[in-house]
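> This is the structure I want to talk about, given as structure tokens.
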């Protein structure tokens, strides 16, 4: 039966995704109803396969949403059908974006870039800068999977260097790098979603987040310097010896070619999304996966590897797509909850509560508090994407007297801090599974001071803009 449930998950996810894009361009009430049924099928097969105890969070969102629908007076069946497609754009994005990783893994791009740039990463500070910066670039392709890939890559270089000083050095670079990426990397679903929902300028949102990220990288370098001093170790000496060993085994024949290819691939993906979004009136969350599909297919055509492409598609559809079931169910559950809340006066209550708080503390505005909503929910195990969907979904129906791009930055900064600190969400859990340290140590102990500085940095920028505008 387990194999049957797995097959059901795969089929319903594939059909939901295909039908989502069809109904986006060719509206049909009948096919939209079928889309909702496939969404319900995904949830049903996932519960049967994993059991409720393994999907407590998505199931909890579903139950709470249904309870609110009952008390709101909404017809529950209609509410359920509408809620199941509330997050359809996000599900399409979640299913398609992992395909980017096929391209990244097809050549030794990371190894080639390291070999090509070895003269620029020959000290502990330079190498730290390289890790934290490149992690953000790889996040463009692999999302939080960039933490695993980059850790394995860095650990391959520093394979003979062990102990807490080295794990602090590697772990903080990776976690800080990925956390900063959620403020500007367009393929990160949470960032793309909040930009779309808030109807913010994509270009300004990216530049704003990238600017904060660059300053955040500089701050991280300062922190790493003092952390190395505190441990009383010379990381540069060990690093140079390990890099020399890697260079001796590198295939120099393909180093320059792979480095140029990677740069072209990154710019083509990033640039095509940015340009098309400016000239084509398609929602960002629909545009991104469509561009990704064309980009991936084009890569394999140019490389003359159609057979490898078909193998990747077969492997993804027959096995790997099943691993998206939990996240897809999170989006389905969140969609039902958001739809249900929108049938009540919840959003107005939130606004009234915030205005009441501002009357008590006049010098504080809502942008001070938005990051804390994300952070607090993160400590309850809700990942950045789910929290972003819930918070932005509520804010969508609220008129806020601030520039939309500032709201985007305030929300995404909360996501950044949540990733740095929460021991209950995937980035910290994944890092802990790689380096063997506890989630509390990788998160709160190593990064709480850095997280405070990031919050202050963002708020200084945001509040300056608010009061100068």
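All of the numbers you see were taken from the coordinates with simple rules; none came from a lab. Owing to the predicted nature of the structure, the values given are computational and were not obtained by experimental measurement. Glycine gets a Cβ as well: all are built from the backbone with ideal geometry, and neighbour counts include every protein chain shown.
> What number, rounded to the nearest 500 deg cm²/dmol, is the helix-based mean residue ellipticity at 222 nm of the chain, given -39500 (n - 2.57) per DSSP H run of at least four residues and division by all its residues?
Estimated from H runs of four or more residues: -26000 deg cm²/dmol.
> Continuing with the same structure: Output the direction-averaged projected area (hull surface divided by four) of the convex hull of the alpha-carbon atoms of the chain, in nm².
Details: hull surface 94.8 nm².
With every direction weighted equally, the projected area is 23.7 nm².
> In whole Å, what is the distance between the alpha-carbon centres of the range 141-206 and the range 62-104?
Between the Cα centre of the range 141-206 and that of the range 62-104, the gap is 26 Å.
> At what distance in angstrom do the alpha carbon centres of the range 290-318 and the range 380-394 lie from each other?
If you average the Cα positions of each part, the centres end up 32 Å apart.
> Give me the Kirkwood hydrodynamic radius of the range 1-52, using the inverse of the mean 1/r over all pairs of distinct Cα atoms, in Å to one decimal. Walk me through the numbers before you get to the answer.
Working: mean 1/r = 0.0885 Å⁻¹.
Across the range 1-52, the inverse of the average 1/r is 11.3 Å.
> When all C-alpha to C-alpha distances in the range 48-178 are sorted into bins of 5 Å, what percent of pairs does each bin hold, rounded to whole numbers?
Using 5 Å bins, I get a P(r) of 2, 8, 14, 15, 13, 9, 9, 9, 8, 6, 4, 3, 1, 0 for the range 48-178.
> Cα extents of the range 145-278 along the three principal axes, largest first, in whole Å?
Largest first, the range 145-278 extends 49, 40, 21 Å along its Cα principal axes.
> On to the next question. To make sure I understand, if each residue's beta carbon is the centre and we count other beta carbons within 10 Å, what order do 10, 305 fall in, fewest to most?
Numbers: 10 21, 305 14.
With the fewest neighbours first, 10, 305 line up as 305, 10.
> Put one equal scatterer on each alpha carbon of the range 2-96, apply the Debye formula with no solvent term, and list log10 I(q)/I(0) at q = 0.19, 0.22, 0.24 1/Å to two decimals.
-0.97, -1.20, -1.30
> Could you line up 292, 14 from fewest to most neighbouring Cβ atoms inside 10 Å? Mind dumping the intermediate values first?
Working: 292 21, 14 15.
Lowest to highest Cβ neighbour count: 14, 292.
> Continuing with this model, one more query. Treat the count of other C-beta atoms within 10 Å as a stand-in for reagent exposure and order 257, 176, 88, 125 from fewest to most.
Sorted ascending by nearby Cβ count, the order is 257, 125, 88, 176.
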